[in-house]
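The values are calculated or read from the model by the stated rules, or taken from the named source; none is laboratory data. The model shown is predicted, which means the values in this text are computed figures rather than measured ones. In this analysis, Cβ positions are derived from the backbone assuming ideal geometry, glycine residues included, and neighbour counts consider all displayed protein chains. These area figures cover heavy atoms from the full protein model, side chains too; ligands, DNA and RNA do not enter into them. Shrake-Rupley method; radii C 1.70, N 1.55, O 1.52, S 1.80 Å.
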Amino acid sequence: MKEKKIIVFGSGNGSNFQAIVEYFRSKRLPVEVLFLFCENPKAKIIERAKMLDVKVIVEDFKKFKSRKDFDRKVEEILDKHSFDLLVLAGYMKILPEEIIKKYKYMIINIHPSLLPAFPGLRAIEKAYNYGVKYTGITIHYVDEGVDTGPIIEQIALRIRNGESLKELEERIHRIEHYFYPRIIEKLLFEED
Ligand code: GRF
């Protein structure tokens with residue numbers, strides 16, 4: 001098995017990031033997480049990266065004069081590395097077109113609904129409040145839109161009678177943590 005290199009982008013809690021790192025380590029798969037990139041210096045994901053001993057690159061979005069400057073910085077960072085997959089895990093910024101084009105089919109994202117239903121923020125809550133009977137998760141390639149790229153995999157779950165939003169959120173996150181690392185593994189190694 002050839003060694004693979006991935007980069008993770010995240011802005012928030014970082015539970016998916018942790019699940020990914022721990023999965024590859026526990027299975028002793030030849031996957032190196034080159035670094036975690038985060039634009040929010042206060043995010044919990046940074047603490048998780050430190051705890052897991054993964055290199056962190058933090059670029060505080062608020063300190064950039066313009067969106068363009070920030071985007072240029074991100075592109076510069078990516079260009080310095082050779083990698084197989086860029087994994088978005090709760091990353092809250094939209095990637096610029098130049099990056100999307102340059103790394104086509106090399107960037108994936110996880111979204112907590114069955115796309116194209118409920119794209120964007122607070123997807124679990126929106127699905128719950130809408131009263132759908134089924135929701136789930138989607139793992140997809142990233143394109144120029146918000147949660148619109150080609151779908152790689154979806155896992156559906158039925159919302160239980162009387163289930164609270166909190167319970168549903170917990171179930172969704174559990175399936176994210178189970179499936180995201182395994183789908184990344186498949187994408188990285190299926191051609192080998
Ligand atoms: C996940 O629900 C993911 O689907 C969405 O953002 C959330 C990130 O959670 N894109 P975490 O930061 O991995 O805990």
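Considering only Cα-Cα distances, which of the following residue pairs are longer than 25 Å: Lys5/Lys104; Lys65/Lys126; Lys55/Lys80; Lys4/Lys104; Lys5/Lys68?
Values: Lys5/Lys104 16 Å; Lys65/Lys126 34 Å; Lys55/Lys80 15 Å; Lys4/Lys104 17 Å; Lys5/Lys68 27 Å.
Lys65/Lys126; Lys5/Lys68, as the Cα separations exceed 25 Å there.
Keeping every protein chain present and rolling a 1.4 Å probe, give me the accessible area per residue for the stretch 4-160 in Å².
Values: 8140 Å² over 157 residues.
Heavy-atom accessible area per residue stands at 52 Å².
Which whole-Hz ³J(HN,Hα) couplings does the stretch 31-39 yield from phi under the Karplus relation 6.51 cos²θ - 1.76 cosθ + 1.60, θ = phi - 60°, glycine and proline marked x?
10, 9, 8, 4, 5, 9, 9, 9, 9
Subtract the Cα-Cα distance of Ser26 and Arg182 from 0.36 nm times their separation in residues, and report this length gain in nm to one decimal.
Numbers: separation 156, 0.36 × 156 = 56.16 nm, distance 1.23 nm.
Using 0.36 nm per residue and subtracting the Cα-Cα distance, I get 54.9 nm.
With r as the distance between the Cβ atoms of Leu121 and Lys63 and R0 = 25 Å, compute the FRET efficiency 1/(1 + (r/R0)^6) and round to 0.05.
Values: r = 23 Å, r/R0 = 0.93.
Efficiency, rounded to the nearest 0.05: 0.60.
If you count, for each residue, the other Cβ atoms within 10 Å and average over each peptide, how do 179-188, 73-82 line up from highest to lowest?
Details: 179-188: 19.1, 73-82: 13.2.
Ranking the peptides 179-188, 73-82 by packing returns 179-188, 73-82.
Search the structure for amide H atoms under 5 Å from the amide H of Val31, placed 1.01 Å from N in the peptide plane, and list their residues when 5 or more places away or on another chain.
Lys4
Report the full-extension gain for the segment Met51 to Glu76: residue separation times 0.36 nm, less the Cα-Cα distance, to one decimal in nm.
Details: separation 25, 0.36 × 25 = 9.00 nm, distance 2.64 nm.
Here the segment from Met51 to Glu76 would lengthen by 6.4 nm.
How many percent of all Cα-Cα pairs in the chain sit more than 29 Å apart?
21
Summing -39500 (n - 2.57) over the DSSP H runs of n ≥ 4 in the chain and dividing by its residue number, what mean residue ellipticity at 222 nm do you reach, to the nearest 500 deg cm²/dmol?
Values: 6 runs with 73 residues, N = 192.
Here the helix-only value at 222 nm equals -12000 deg cm²/dmol.
Give the peptides 121-128, 62-69 in descending order of average Cβ contacts within 10 Å, highest first.
Numbers: 121-128: 17.0, 62-69: 10.1.
Peptide ranking by packing, descending: 121-128, 62-69.
What FRET efficiency comes out for Lys5 versus Ser164 if R0 is 41 angstrom and r is the Cβ-Cβ distance? Round to the nearest 0.05. Could the numbers behind the result be given before it?
Working: r = 40 Å, r/R0 = 0.98.
For Lys5 and Ser164, the calculated efficiency is 0.55.
Expressed as a whole percentage, what fraction of the accessible surface of the chain belongs to carbon and sulfur atoms when a 1.4 Å probe is rolled over the protein heavy atoms? Write out the running numbers ahead of the final one.
Details: 5270 of 10450 Å².
With neighbouring chains kept in place, the figure for the chain is 50 percent.
Which residues' amide hydrogens lie under 5 Å from the amide hydrogen of Val146, considering only partners 5 or more residues apart or on another chain, with H built in the peptide plane?
none
Can you give me the Cα centroid spacing of the stretch 1-53 and the stretch 77-155 in angstrom?
Taking the Cα centre of the stretch 77-155 as reference, the centre of the stretch 1-53 is 17 Å away.
What ranking do 98-111, 11-24 get when scored by the average of other Cβ atoms within 10 Å per residue, highest first?
Sorting 98-111, 11-24 by mean packing, highest first, produces 11-24, 98-111.
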